[in-house]
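S.K.: Let me begin by handing over the structure; questions about it come next.
The values are calculated or read from the model by the stated rules, or taken from the named source; none is laboratory data. Predicted, not measured: the structure shown is a model, and the values here were computed from it. Quick reminder, even Gly has a Cβ in these numbers, built from the backbone with ideal geometry, and neighbours come from all protein chains shown.
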Amino acid sequence: MAIARPVRALGLAAILMWCFFLYTIVRPGPSIKTSADFKGTVERDPQLDPSGEPGGILVRASDGYAPGIAGTERINATILALVRNEELEGMLQSMQDLERTWNHKFNYPWTFFNDVPFSEEFKRKTRAATKAETRYELIPKEHWDTPSWISDDLYKESVKILEENEIQYADKISYHKMCRWNSGLFYKHPALEHVRYYWRVEPNVHFFCDIDYDVFRYMQDNNKTYGFTITLYDAPKSIPTLWPETAKFIAQHPEYLHPNNAMAWLTDAQRRPVHNEQANGYSTCHFWSNFEIGDMDFWRSQTYEDYFNHLDRAGGFFYERWGDAPVHSIALGLFEDRSKIHWFRDIGYQHIPFFNCPNSDKCKGCITGRFTDGEAWLNKEDCRPNWFKYVGMG
């Protein structure tokens, strides 16, 4: 018996629809390695325009900043570095740049942290690199070791998944420990108990610009909590549950949200939509924390203590690769007044391949080295346009 033509047409349409349905299920999702993940335009970089010092109260160097006890003008602050003995040469490079451009005028102390004792060579050479006081501190084992609630078997299985997703440093347990320590434990070290402000400096970074004012006093006198130079997108598959865990925390503590928060910056889905999708609602924008100038009173607050403990118990510092940069950035973006977060556009900074290069007569070396063959890639990774869009340049 022949099947009527309309029935055959209907059956064919049903088969085609079913095939399309199966395709939508099994087809690969959009990749962050393609242009599908970059919907924004590259606006004119404000650093191409002439720039100078920030507005507000600025304190210049004086006799009160002399080394030692004569330095009565210094406030309660330190330059802070987590560094290994074998990174000595890279640390000396960073020290020489920061001393040349800024600290030789203000002589703030350097505080070095390590999970093993510093060698005598490390101490001798770093002391010789500055007129300021140098301090060498050992991280307590209870701050560095993997916490008791982390399953070693689950950690090993998680590493395999991270490696399949090409997540850098996934198999390095020391990297996971470092991220956790920088996120919620460094400011609890006894050596920092009475210190309020810090400037984080890592080995092998460059500082290009002469800075003629006390940066720590700028933070204090202008009521700033956090200062950054670079803001980037993170690898979304390194933090897939960070935002969902944050959402759980907010649901439990809605009172912690600051009314003038930067939620829109943290949740933007327009400029890099695949990042937002893979990170389950988080744009992955973060302050690149290998440079940060901060007020430790924020980290010591009950709000941040509760947030860090929530994340710590969730296990993502080990089962995923939660970094201190997104953790700090999310906390600042949600729980702090965004007007207290400052972009130091006048500090020329490089941590290869990323730059913060002001257009200033104090930063000529930075300007000439600013553009590289990877400029298009750098523009794609740069989250400053979103910060300027949602927050401004304050």
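S.K.: I'd like the full set of residues that are part of a loop (DSSP other than H, G, I, E, B) and within 16 Å of residue 318 (Cβ to Cβ), limited to the stretch 116-162.
M.R.: 145, 146, 147, 148, 149, 150, 151 - these are the residues of the stretch 116-162 that are part of a loop (DSSP other than H, G, I, E, B) and within 16 Å of residue 318 (Cβ to Cβ).
S.K.: Something else now. Quick check on residue 224: is it among the charged types (D, E, K, R), assigned to a loop (DSSP other than H, G, I, E, B) and within 20 Å of residue 328 (Cβ to Cβ)?
M.R.: Considered against the rule, which asks whether it is among the charged types (D, E, K, R), assigned to a loop (DSSP other than H, G, I, E, B) and within 20 Å of residue 328 (Cβ to Cβ), residue 224 comes out as yes.
S.K.: Only residues that are more than 15 Å from residue 66 (Cα to Cα) and either assigned to a helix (DSSP H, G or I) or in contact with an Asp or Glu (Cβ under 6 Å, 6 or more places away or on another chain) (or both): list them for the stretch 96-115, please.
M.R.: 96, 97, 98, 100, 101, 113
S.K.: Taking the stretch 54-69 only, how many residues are more than 21 Å from residue 348 (Cα to Cα) and surrounded by 12 or more Cβ atoms within 10 Å (Cβ to Cβ)?
M.R.: Qualifying residue count, the stretch 54-69: 5.
S.K.: Which of the residues that make up the stretch 169-187 are exposed (fewer than 13 other Cβ atoms within 10 Å of the Cβ) and either modelled with pLDDT under 95 or hydroxyl-bearing (Ser, Thr, Tyr) (or both)?
M.R.: Scanning the stretch 169-187 gives a single hit, 174.
One line per residue, one yes/no per condition, for (1) loosely packed, with under 13 Cβ neighbours inside 10 Å; (2) polar (S, T, N, Q):
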{"position": "120", "(1), (2)": "yes, no"}
{"position": "126", "(1), (2)": "no, yes"}
{"position": "160", "(1), (2)": "yes, no"}
{"position": "192", "(1), (2)": "no, no"}
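S.K.: Test residue 237 against the criterion of being closer than 26 Å to residue 318 by Cβ, among the basic types (Lys, Arg) and over 17 Å from the mean Cα position of the chain (by Cα), and give yes or no.
M.R.: no
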